[in-house]
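Presented below is the structure to which this report refers.
The values are calculated or read from the model by the stated rules, or taken from the named source; none is laboratory data. Predicted model, so just to flag it, every value in this text is computed and none were measured. Positions of Cβ are backbone-derived with ideal geometry, glycine not excepted, and every protein chain shown enters the neighbour counts. Each accessible area value is taken on the protein alone, full model and side chains, heavy atoms only, with ligands, DNA and RNA left out. Shrake-Rupley method; radii C 1.70, N 1.55, O 1.52, S 1.80 Å.
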Amino acid sequence: MKIDVPALKEGENSLELRESASSLDLGGLPGELKSDVLVTLTIHKRGDELVILGKASGVVSEECSRCLRPYDRKFSVEFEVFCDKIGAHKPRADEEQGETYVAHHDGKTLDMGPIVREAIVLSSPMQPLCREDCRGLCPVCGVNLNEQTCSCAAKQPDARWSALAKLKKEGSE
Ligand SMILES: [Zn+2]
Ligand SMILES: [Zn+2]
């Protein structure tokens with residue numbers, strides 16, 4: 001996912017890149033890419049400085065944190081990158097503003113791979129859910145409560161409540 005920097009014109013450039021799932025290494029993602037990643041970029045060039053507004057979209061397969069089943073999630077993430085030539089100006093961490101990512105090019109190429117990867121990884125949910133109201137697995141018998149019902153909840157008093165009841169009883173004695 002390389003950009004040919006000298007080929008960009010001064011001012012606004014529009015680019016569209018497509019990267020296959022296998023060539024975009026998403027090492028940090030707790031899921032798996034199921035499609036190509038389509039990246040659209042608007043690049044404002046001023047000398048060696050590039051301000052890039054991008055959008056990456058595709059499909060990732062994740063495991064639901066409640067029912068542990070894999071499911072596909074479409075994603076579309078936007079990102080903003082400020083890019084300067086190596087050595088021209090070294091921004092300190094505290095100069096980074098908000099969500100803007102800071103990158104460097106060498107005057108020849110800019111590799112968008114790490115930037116796109118980070119944007120996708122950062123946008124991934126901490127606790128993926130196959131659907132908002134996923135009912136998860138029964139903690140007693142393990143059935144998927146989206147597909148079946150079981151009578152465990154009715155039979156077993158919740159261990160936390162019985163512990164609390166015991167504490168209350170001890171406290172009152
Ligand atoms: Zn689920
Ligand atoms: Zn059960």
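If you go through the stretch 119-142 and pick out every residue that is more than 12 Å from ligand 1 (Cβ to nearest atom) and either in a helix (DSSP H, G or I) or touching a Ser or Thr at 6+ places or on another chain (Cβ under 8 Å) (or both), you end up with 5. It is to be established whether one or more residues within the stretch 39-51 are in contact with a Cys (Cβ under 6 Å, 6 or more places away or on another chain), more than 16 Å from ligand 1 (Cβ to nearest atom) and farther than 11 Å from Val116 by Cβ. There is at least one residue in the stretch 39-51 that is in contact with a Cys (Cβ under 6 Å, 6 or more places away or on another chain), more than 16 Å from ligand 1 (Cβ to nearest atom) and farther than 11 Å from Val116 by Cβ.
Table: residues versus (1) open to solvent by 60 Å² or more (accessible area, probe 1.4 Å); (2) under 30 Å from Leu145 (Cα atoms).
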{"site": "Asp48", "(1), (2)": "yes, no"}
{"site": "Ile52", "(1), (2)": "no, no"}
{"site": "Val60", "(1), (2)": "no, yes"}
{"site": "Glu63", "(1), (2)": "yes, yes"}
{"site": "Arg66", "(1), (2)": "yes, yes"}
{"site": "Tyr71", "(1), (2)": "no, yes"}
{"site": "Lys74", "(1), (2)": "yes, yes"}
{"site": "Val77", "(1), (2)": "no, no"}
{"site": "Phe82", "(1), (2)": "no, no"}
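One residue stands out among those in the stretch 132-144 that are open to solvent by 40 Å² or more (accessible area, probe 1.4 Å) and touching a residue at least 60 places away in the same chain (Cβ under 8 Å): the one that is nearest to ligand 2 (Cβ to nearest atom), which is Leu137. Checked against the criterion of being modelled with pLDDT under 95, outside the structural domain of Asn144 (by TED's automatic domain parsing), open to solvent by 70 Å² or more (accessible area, probe 1.4 Å) and at positive phi, the candidates Gly87, Gly107, Gly98 yield just one match: Gly98.
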